[in-house]
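Working notes for the structure below.
Nothing in this text is a laboratory measurement; each read-out follows from the coordinates by a stated rule. For clarity, every value in this text was computed on a predicted model and none was experimentally measured. Cβ sites come from the backbone with ideal geometry, for glycine too, and all protein chains shown count toward neighbours.
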Amino acid sequence: MENSNLNKSLNDLNTELQQTEPTEKTQATVAALKQDVSPMVEQPDADHAPDYQSLGERLNLALVDLDVDHPKLSTAIRTVLDDLAAVGI
């Protein structure tokens, strides 16, 4: 399974999460995504395949909360979702 695009998009999402100033409404969602994405970025060579399905589900749910207030973050999330789909998840 080719994960280089997925690893890059996860890194980009992590960077965007770190730079995002969450609103009161989005604070919990942003914090949860940071916790979800950090281990995947910190250990890119580990087998995260079992976690990808649930990550995709959480990212889809997060889009509902983040789309209006954080368009750049939403774009990064969509890229990860596209890359997950490309590897069959």
From the list (1) 12.9; (2) 17.7; (3) 14.1, can you say which value of Kirkwood radius over Cα pairs in Å was derived from the structure given? (1)
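Using Cα pairs under 8 angstrom and six or more residues apart, how large is the relative contact order of the range 1-78, in percent? List each step's numbers first, then the result.
On the way: 44 pairs, mean separation 31.6, N = 78.
The normalised contact order for the range 1-78 reaches 41 percent.
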Taking a cut-off of 21 Å between Cα atoms, list the lysines near Lys8, but don't count ones fewer than 8 places away on the same chain. Lys34, Lys72
Which loop GluC sites (Glu not before Pro) in the chain, with loop taken from DSSP, have no more than 12 other Cβ atoms within 10 angstrom of their Cβ? Glu2, Glu24
Please list, in order, the residues from the range 41-70 whose amide nitrogen is less than 18 Å from a point placed 7 Å along the Cα→Cβ vector of Thr23. 61-70
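Between Lys72 and Asn5, what length in nm is gained on full extension when 0.36 nm per residue of separation is reduced by their alpha carbon distance?
Numbers: separation 67, 0.36 × 67 = 24.12 nm, distance 1.84 nm.
Result for the pair: 22.3 nm of gain on full extension.
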